[in-house]
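Trainee: Dropping the structure in here first, questions after.
The values are calculated or read from the model by the stated rules, or taken from the named source; none is laboratory data. None of these values were measured; they are calculated from a predicted model. Cβ sites come from the backbone with ideal geometry, for glycine too, and all protein chains shown count toward neighbours. All accessible areas refer to the heavy atoms of the entire protein, side chains included, with ligands and DNA or RNA removed. Shrake-Rupley method; radii C 1.70, N 1.55, O 1.52, S 1.80 Å.
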Amino acid sequence: VFPTLSRLYDPNRSSTAPGPNSGVLLRKTVEVMLMASVPLGLGALSVSRPLVELIFGDDFSNAGPVVAVGGILLSLTYLTTTIGTFLIAMDKQRQWTVFILVGGILTIPVDLILVPIFDQRYGNGAIGAVLGFLVTESVVLAGAIHLLPSGLLNRSTVWFAGRAIVAGATMVVAVGALDGLGLAVRIAAGAAVYLVMAAALRLVSRADIELLRGQIQPTR
């Protein structure tokens, strides 16, 4: 996607008036990232404890909540990376780097507050650490959206995100209802529910696929 975005961005234009295809490609790319990140993130949240215990054993069960919060963090990271790539293609890497630095610096005081709280109350300071990362990633994502020219992400993007979250939440409920069954069964059922909901909510259409295919071409 990065080379295509670079080609579509016209450096002679005002930063507030990108090429018309740039907004279309960004919105569709963000939608693809939402479709991928929501089931992965909420899926990790749904099966975090049994997944950790399967891989590392019961001694690491306390890492379950950390993986659960990390699932939500994963979804945000998908979006941050996508929009950050677009900002670099628009030659806004300096402003983008400032927000990344702010997020990194903000991590220190947030961790100093949250880690001791969760260590004292729940005996698991790692939850506070990953929550701190979630806070700072949210700040960086907000900064990335702020740097985008007005209109590139619009109400249709918000509407799509809402539908994707509804599909993911339905998946979480379905996986939770199968608690007690094998991990593989729960994962397969969750994937099936999400695909059905994605189709029912029309998260992707043939026209979208053709649009992306037509605009994204391999570099030579």
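Trainee: Which residue is nearest to the chain's Cα centre (by Cα), if the candidates are limited to the stretch 112-170 and must be outside any helix (DSSP H, G or I) and aliphatic (A, V, I, L, M)?
Mentor: Checked the stretch 112-170; the qualifying residue nearest to the chain's Cα centre (by Cα) is 153.
Trainee: State which residue pairs qualify: first residue at negative phi and inside the stretch 30-50, second residue charged (D, E, K, R) in any location, beta carbons under 7 Å apart, and separation of 6 or more residues or different chains.
Mentor: Here the result reads 47/186, each pair linking the stretch 30-50 to a residue that is charged (D, E, K, R).
Trainee: Go through (1) modelled with pLDDT of 90 or more; (2) surrounded by 13 or more Cβ atoms within 10 Å (Cβ to Cβ) one by one and return the number of the condition residue 120 breaks.
Mentor: (2)
Trainee: For the subset of the stretch 158-189 comprising residues that are under 18 Å from residue 79 (Cβ atoms) and open to solvent by 80 Å² or more (accessible area, probe 1.4 Å), which member is modelled with the lowest pLDDT?
Mentor: The qualifying residue modelled with the lowest pLDDT is 158.
Trainee: Answer yes or no as to whether residue 138 is hydroxyl-bearing (Ser, Thr, Tyr), under 22 Å from residue 38 (Cα atoms) and surrounded by fewer than 17 Cβ atoms within 10 Å (Cβ to Cβ).
Mentor: Spelling it out, residue 138 is indeed hydroxyl-bearing (Ser, Thr, Tyr), under 22 Å from residue 38 (Cα atoms) and surrounded by fewer than 17 Cβ atoms within 10 Å (Cβ to Cβ).
Trainee: Residue check, residue 88 against (1) modelled with pLDDT under 90; (2) assigned to a helix (DSSP H, G or I); (3) open to solvent by less than 60 Å² (accessible area, probe 1.4 Å); (4) not hydroxyl-bearing (Ser, Thr, Tyr), all met but one. Which one?
Mentor: (3)
Trainee: Go over the candidates 132, 128, 176 one by one and state the one that is more than 19 Å from residue 34 (Cβ to Cβ) and either aromatic (Phe, Trp, Tyr) or without any contact (Cβ under 8 Å) to a residue 24 or more places away in the chain (or both).
Mentor: After ruling out the rest, the residue left standing is 128.
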